[in-house]
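The values are calculated or read from the model by the stated rules, or taken from the named source; none is laboratory data. In this text the structure is predicted, and so the values were computed from the model without any measurement. Using ideal geometry, Cβ is built from the backbone for each residue, glycine included, and neighbour counts are taken over all protein chains shown.
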Amino acid sequence: MSPTDPHRDQDLQEVESDPALRLVEEGLPAAAPEQSWLRRHSRAVSLAFGVAVTAALVVGLYDKRDEFAESLGAASAGVLAGAVALQIVWLIARSEAWYVCVEAAGGRTGRRPLYRAAAIGYLGNLLNSSFGLALRIAELRRTSPDDAPKAGALVAAELPIVVIEIALAAICSFTLVAPLGIPWWTPLIALAIGGGFVAALGRLANRKRDGFWKGIAVMRKLGHRNRIIALTVFAVSAQVFRNWLVLQGIGVDASILDSVALLVAAAAIGLLPVGPSLGVTSSILILGSKGVAAVAAAGAMLTATGAVGALCFAAWPLLDRLRRIGARRRADRR
């Protein structure tokens with residue numbers, strides 16, 4: 001593509017004019033209009049909030065530190081390996097769902113470059129889901145600039161998955177009635193809102209077809225939409241079973257419904273900048289009545305095995321890159 005290509009110039013102008021797109025395109029802070037103090041110091045505020053939550057957990061669990069340590073040691077190697085494996089299964093299913101969305105948006109990257117970008121981005125999810133998305137998009141645009149959709153469309157390509165996850169969370173929100181003491185009719189409202197999101201996104205995909213909105217093209221065809229729903233349900237099921245496996249492995253008397261409630265709560269609390277303490281915070285909030293030390297240990301174990309799973313999933317792009325470098329060197333010596 002020549003430097004004077006009008007489409008390329010339009011891409012550059014779009015990225016330069018939108019700070020969010022420039023962030024995911026270049027991985028750098030972008031120039032932006034004058035913002036409020038909170039927005040200008042959002043990273044510091046997020047870090048401070050996360051530290052405060054972590055400190056509160058440490059103080060609250062200090063008197064139960066022996067029980068906490070004992071619970072951590074209760075999980076067998078098989079339980080830990082299973083939790084890591086299920087996290088990798090979730091990452092693969094989530095990456096495949098993203099691939100379907102990107103392909104429907106006009107992407108021609110193929111699975112390998114997209115999975116490599118996804119693997120790197122999901123490491124960023126350990127800190128914040130928005131940061132992880134930015135890493136994924138920046139890496140895909142860096143490695144496949146001509147075959148990947150524009151940054152804006154890649155941001156939108158995440159929407160169908162997120163909306164379906166919201167709808168699933170709404171369907172399962174009845175599991176929060178007992179732990180949180182919320183009114184029984186609250187899940188019905190959540191279900192109506194979740195269904196409305198899915199229907200609205202489908203109508204929007206049929207009406208808007210250019211620019212940013214190319215990213216939701218996957219919602220236009222029934223086949224694509226069904227694939228996304230099936231992959232998302234499979235991924236969520238893997239996470240529910242992972243929660244149940246760890247809770248049972250540590251000795252918490254938790255049911256599948258408790259595991260669902262934990263996943264829904266983690267998704268909601270994850271919108272806040274709680275950082276790595278998300279697992280412990282969610283576990284105590286939902287299952288604290290079953291023993292604070294034990295469920296806190298389960299939350300910590302879920303976070304740790306999730307991080308190990310993400311690292312394992314991210315290891316293969318490095319190995320794949322080393323393999324390709326070695327292949328090129330061997331070809332050059334011939």
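So the values come out like this:
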item	result
Residues of the range 159-197 classified as small (Gly, Ala, Ser) and surrounded by fewer than 19 Cβ atoms within 10 Å (Cβ to Cβ), total	5
Every residue from the range 250-262 that is in a helix (DSSP H, G or I) and surrounded by fewer than 20 Cβ atoms within 10 Å (Cβ to Cβ)	Ile256, Leu257
Output for the range 112-168, where each listed residue is among the hydroxyl-bearing types (Ser, Thr, Tyr) and touching a residue at least 24 places away in the same chain (Cβ under 8 Å)	Tyr115, Tyr122, Ser129, Thr143, Ser144
Residue list for the range 198-228, restricted to those being under 21 Å from Ala93 (Cβ atoms), surrounded by fewer than 17 Cβ atoms within 10 Å (Cβ to Cβ) and either β-branched (Val, Ile, Thr) or free of Cβ contacts under 8 Å to residues at least 60 places away in the same chain (or both)	Leu222, Gly223, Asn226
Test for Ala52: is it under 21 Å from Thr305 (Cα atoms) and either in contact with a strand residue (DSSP E or B) (Cβ under 7 Å, 6 or more places away or on another chain) or of a type in the set (Gly, Ala, Ser) (or both)	no
Elements of type helices (runs of 4 or more DSSP H) contained in the range 108-184, each with 1 or more residues being acidic (Asp, Glu)	129-143, 159-172
Residue match in the range 296-314 (condition: in a loop (DSSP other than H, G, I, E, B) and touching a residue at least 24 places away in the same chain (Cβ under 8 Å))	no
Test set (1) touching a Lys or Arg at 6+ places or on another chain (Cβ under 9 Å); (2) farther than 22 Å from Leu278 by Cβ; (3) surrounded by 21 or more Cβ atoms within 10 Å (Cβ to Cβ); (4) at pLDDT 90 or above - Ala151 fails condition number	(4)
Single match in Arg141, Arg112 (criterion: at pLDDT below 90, more than 24 Å from Ala304 (Cα to Cα) and charged (D, E, K, R))	Arg112
Search result, residues across the range 198-234 that are in a helix (DSSP H, G or I), among the charged types (D, E, K, R) and in contact with a helix residue (DSSP H, G or I) (Cβ under 8 Å, 6 or more places away or on another chain)	Lys214, Arg225, Arg227
Scan of the range 278-295 for residues that are outside any loop (DSSP other than H, G, I, E, B), in contact (Cβ under 8 Å) with a residue 24 or more places away in the chain and over 25 Å from Ala167 (Cα atoms), ordered by number	Ser289, Lys290, Val292, Ala293, Ala294, Val295
